[in-house]
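Enquirer: Have a look at this one before I ask anything.
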Amino acid sequence: MTQPLASFEDTRHRLAGPDLARCIAIVCVLITHDGGLVAALLGVGLPLHLAFLGFFGVMLFFVLSGVLIGTLMLDLVERGAGLGDWWVFLRRRWARTLPAYAASLVIIAALTPLGGQGVDMAGLGRVWGFYATLTQNLFWRPVSPWFGQSWSLGVEEWFYLGFPALLVLAGWLRAPGRVGFGVVLTLFVVVPIGWRLGLAPDADWDEATSKIVACRLDSLACGVAAALAMRGCAGLRRLWAPCLAIGAAMVIGIWWSDCLPFPLWSEGVKRIVLFDVVGLGFALCMPAALRLRRLPRP
């Protein structure tokens, strides 16, 4: 028998904090994606710091997903869930994301003959299989500009599949629940960092670093680490205010770091640690987000 859903997954008892964080992330992404068009219509350029907001919006999405999914996975591990429970977990994840993705694939494919998608129908035939299996950016840069926005969904879906799979493997190897969870979490932090270390110094940041699944799994792992920390240290939730202040200062400081009189870090260091430092900043904001159950009424 499956356990009741956590409050942030049960639509009858939603938490306002995660919904508010999700709203902020959506606004940040929309400003970057659509702000340039609006600015062009107004005859002005999009300010640089507004253009950066998309990166921070996606990072917030990843960390928030990691916290929520990490909490559910901890629940499963702590009650000794079997394969059936993990299958239910995956089905719920897929039911929330894959139908909309499949519909988007069909609609965009139907519009491809009209142009503007970056490939013609022959090119679509060559890349369709990658997009249908969400492998368009698994270990390599996106195979095509066609439906380029789907890269982030690929990161999330492979995280949802890979993390539970390794947890099940850890259970088969008789690793204690929290120990196995910690080992898998460590792998999901260390492997992406190692992957980025192995990239050529002149590798394209946007295509070869930030959009490859293997390079970005640690972004969600930051959220899982926050879930584990809040589960293991009950007092952490009571420290939500200082955690929020420190986390927000980290994120805002990096957002405006180009205004500093000195470089915050070299390009090489930035390539390796930026995702994790920003992820840590957002992770520190999560106790405050989970504490907010209802928005104030006017």
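Enquirer: At 1.306 mPa s and 10 °C, plugging the Kirkwood radius over alpha-carbon pairs of the range 144-263 into Stokes-Einstein gives what diffusion coefficient in µm²/s? Let's see the in-between values first.
Expert: Details: Rh = 16.9 Å.
Reported coefficient: 94 µm²/s.
Enquirer: For residue 144, which sequence-distant residues (separation of 5 or more, or a different chain) have an amide H within less than 5 Å of its own amide H, given hydrogens modelled in the peptide plane?
Expert: The answer is none.
Enquirer: Which trypsin sites (Lys or Arg not before Pro) in the range 163-223 sit in a loop by DSSP (not H, G, I, E or B) and have at most 15 other Cβ atoms within 10 Å of their own Cβ? All intermediate terms of the calculation are to be shown ahead of the outcome.
Expert: Numbers: sites: 174, 178, 196, 211, 216; in loops: 174, 211.
Filter output for the range 163-223: 174.
Enquirer: Further question on the same structure: What ³J(HN,Hα) values, in whole Hz, does the Karplus curve 6.51 cos²θ - 1.76 cosθ + 1.60 give for the range 83-90 when θ = phi - 60°, with x put for Gly and Pro?
Expert: Karplus values, whole Hz, x for Gly and Pro: 4, x, 5, 5, 5, 4, 4, 5.
Enquirer: Once phi is turned into ³J(HN,Hα) by the Karplus curve 6.51 cos²θ - 1.76 cosθ + 1.60 with θ = phi - 60°, what whole-Hz value does each residue of the range 192-206 show in order, with x for glycine and proline?
Expert: Karplus-based 3J(HN,Hα) across the range 192-206 equals x, 4, x, 4, 5, 4, x, 6, 4, x, 9, 4, 5, 4, 5 Hz.
Enquirer: Follow-up question, since we're still on this one. State, as an integer percentage, the relative contact order of the chain based on alpha-carbon contacts under 8 Å between residues 6 or more apart. It would help to have the intermediate numbers written out before the result.
Expert: Details: 327 pairs, mean separation 77.5, N = 298.
Once normalised by length, the contact order is 26 percent.
Enquirer: Moving to a separate point now. When ranked by the protection proxy of mean other Cβ atoms within 10 Å per residue, highest first, what sequence do the peptides 159-165, 74-80, 277-283, 34-40 form? Write down the numbers at each step before the final one.
Expert: Details: 159-165: 19.3, 74-80: 15.7, 277-283: 23.6, 34-40: 12.6.
Output ranking for 159-165, 74-80, 277-283, 34-40: 277-283, 159-165, 74-80, 34-40.
Enquirer: Using packing as a proxy for protection, rank 99-109, 217-227 so that the peptide with the highest average count of other Cβ atoms within 10 Å comes first.
Expert: Numbers: 99-109: 13.0, 217-227: 26.5.
The peptides rank, most packed first, as 217-227, 99-109.
Enquirer: Taking Cα centroids, how far is the range 41-103 from the range 239-298 in Å?
Expert: 18
Enquirer: Then there is this: Going by average Cβ density within 10 Å per residue, which order do the peptides 248-255, 228-235 take, highest to lowest? Mind dumping the intermediate values first?
Expert: Values: 248-255: 16.1, 228-235: 13.8.
Descending mean neighbour count gives 248-255, 228-235.
Enquirer: Based on DSSP H runs of at least 4 residues, each adding -39500 (n - 2.57), what is the mean residue ellipticity at 222 nm of the chain after dividing by all its residues, to the nearest 500 deg cm²/dmol? Mind showing how you got there, number by number?
Expert: Numbers: 11 runs with 205 residues, N = 298.
Theoretical 222 nm ellipticity from helices: -23500 deg cm²/dmol.
Enquirer: Something else: Return the label of the correct value of Kirkwood radius over Cα pairs in Å, as calculated from the structure shown, out of (1) 20.6; (2) 22.6; (3) 21.7.
Expert: Here Kirkwood radius over Cα pairs in Å agrees with entry (1).
The numbers here are math on the coordinates, done by the rules we state, and not lab data. Not measured: the values here are computed from a predicted model. Don't worry about glycine lacking a Cβ; one is built from the backbone with ideal geometry, like all the others, and counts go over all protein chains shown.
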